[in-house]
Amino acid sequence: WYIGAVLESRLSDLTILTLISAFLVSFVWVIFMRSMDVFNREKWSHLMIVFVGGALFTFLCLPLYDIADLVLHFQINGEAMNDFLYCVGVIGGSEEVVKFIPWILFGLLARKLHEPYDYILYASVAALGFAFTENLMYLQDSGSIVARSILSTVGHMFDASVVAYSIILARFKFKIVFWKIVTPILGFGLAALCHGFYDFWLISES
């Protein structure tokens with residue numbers, strides 16, 4: 001019942017034009033990111049697996065939001081500090097976890113993360129899959145297409161790449177075990193902060 005209600009609320013008013021627009025907004029950036037992989041270009045099939053994973057895992061954010069609201073009674077209320085912590089902890093934290101799962105699972109299971117750029121590429125593609133599903137709702141208003149194409153979609157790639165770059169540093173640069181462990185944690189925290197900072201200015205009345 002819960003899953004059905006979620007899907008109906010998000011997709012019941014979906015139009016073909018919105019579907020095509022959301023896909024093109026994300027896929028143009030997928031093409032761009034793949035074009036930068038000049039040394040060992042990844043297969044389209046691998047990228048699309050991660051893209052679809054990012055699109056499907058997006059729905060995991062919704063129960064996390066509901067837990068914060070219905071169980072923890074933590075929500076946007078118009079107070080600056082409360083809203084900032086909500087945007088960073090709940091929105092930023094939840095969405096960065098959800099974007100992290102598909103690309104790191106694919107990388108570990110398929111063993112496709114060979115060179116540093118692979119981490120940035122697959123993280124960005126997962127984020128673009130996430131943005132595709134998110135844009136299915138927001139692009140029903142055609143007036144938001146520029147903001148979603150340039151700001152939000154690229155913002156998702158940026159935040160995911162912060163996490164990916166911290167893992168690159170841990171794997172390829174740092175030799176001390178402490179920094180190999182701490183750096184990805186700091187990277188995730190920074191990504192959640194960047195994500196939440198953007199959303200705070202966007203949605204908080206304060």
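The values are calculated or read from the model by the stated rules, or taken from the named source; none is laboratory data. On a predicted model such as this, the values are computed, not experimentally measured, just so you know. Virtual Cβ from ideal backbone geometry, glycine too; neighbours counted across all protein chains shown. Quick note on the areas: whole protein, heavy atoms, side chains included, nothing else; ligands and nucleic acids left out. Shrake-Rupley method; radii C 1.70, N 1.55, O 1.52, S 1.80 Å.
Quick notes on this structure:
- Per-pair calculated FRET efficiency, R0 = 22 Å: Ile67 and Leu11 via Cβ, rounded to 0.05: 0.50
- The helix-only estimate of mean residue ellipticity at 222 nm for the chain, built from DSSP H runs of length n ≥ 4 each weighted as -39500 (n - 2.57), is -22500 deg cm²/dmol after division by the residue total.
- At R0 = 25 Å, FRET efficiency that the Cβ-Cβ distance of Phe23 and Leu151 yields, to 0.05: 0.85
- Of Asp159, Asp66, the residue with the largest accessible area leads and the full order is Asp66, Asp159 (1.4 Å probe).
- Counting only protein chain heavy atoms and rolling a 1.4 Å probe, the accessible areas of Glu42, Glu115 rank, largest first, as Glu115, Glu42.
- Calculated FRET value between Met81 and Phe158, using beta carbons and R₀ = 30 Å, to 0.05: 0.75
- Taking 13 Å as the straight-line reach from the Cα of Lys112, the aspartates and glutamates in range (excluding those fewer than 8 positions away in the same chain) are Glu42.
- Global geometry of the chain, whether rounded, prolate or oblate, following the gyration tensor of its Cα atoms and the 1.5 cut on a/c: oblate
- Accessible surface of the stretch 51-206 [probe 1.4 Å, protein heavy atoms]: carbon and sulfur percent: 73
- A straight line joining the Cα centroids of the stretch 99-138 and the stretch 158-206 runs 15 Å.
- Highest mobility in the GNM of the chain, judged by mean-square fluctuation with C-alpha springs under 10 Å and restricted to Thr58, Thr18, Thr153, is found for Thr18.
- Accessible area (Å², 1.4 Å probe, nearest 10) - Ser204: 20
- Taking every protein chain into account, the accessible area of the chain amounts to 54 square angstrom per residue (probe 1.4 Å).
- Membrane-span-like helices in the chain, defined purely by DSSP H runs whose alpha carbon atoms cover 24 Å or more axially and whose average Kyte-Doolittle hydropathy reaches -0.5, are 16-35, 93-110, 116-138, 177-203.
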